[in-house]
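The values are calculated or read from the model by the stated rules, or taken from the named source; none is laboratory data. Quick caveat: nothing in here was measured; it's all calculated off a predicted structure. Cβ: placed from backbone, ideal geometry, glycine included. Neighbour counts: every protein chain shown. Note: accessible area is taken over every heavy atom of the protein model, side chains too, but ligands, DNA and RNA are not part of it. Shrake-Rupley method; radii C 1.70, N 1.55, O 1.52, S 1.80 Å.
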Amino acid sequence: MSHTTVPVPADAVPLPIRFLDCLLVLAFLPFGLAAGLPALGLLAGAGMWIAQRALGQLIDARAAAATDARRATAIQFIGVMGRPFLLALTILAVGLLGEKRDGLAAAILVLVAFTVYLILSIVLRPQRKSST
């Protein structure tokens, strides 16, 4: 019994589904602000989440265009390590420049967005098919 991995083409998944995390972040902003949650934290967290997702798309495109496997791996590694680092620095800066509540709001927003992103990446990952 052999297993093969069939990649799911990016175009096969509708754009709103691929970026559901970003859509949820944007949809939550008006409600969070109307509820009196810390504006600086919400706006900074949402802005940085969307920015790092866009950066991830650019990194993926650069890695895919790389002609050398080592270069593609290095580009992906920088993205995997750098994007969370930028998010952490943003949360820290918001907490230090604003109030602790702002940092907490940014952290919770990013955590929820990451959870949605993680679940989607698991559900949409390539599926193994058995050939018998």
Q. What is the residue count in the range 16-46 for residues that are open to solvent by 50 Å² or more (accessible area, probe 1.4 Å) and charged (D, E, K, R)?
A. 1
Q: Looking at (1) surrounded by 14 or more Cβ atoms within 10 Å (Cβ to Cβ); (2) modelled with pLDDT of 95 or more, find the lone condition where Thr115 falls short.
A: (1)
(Q) Take Asp60 and tell me if it is more than 13 Å from the chain's Cα centre (by Cα), surrounded by fewer than 18 Cβ atoms within 10 Å (Cβ to Cβ) and acidic (Asp, Glu). (A) no
**Q.** Close pairs from the range 14-36: first of a type outside the set (A, V, I, L, M), partner in a helix (DSSP H, G or I), Cβ under 6 Å, at least 6 apart
**A.** Asp21/Ala113; Asp21/Val116; Asp21/Tyr117; Cys22/Ile50; Cys22/Arg53; Gly32/Leu42
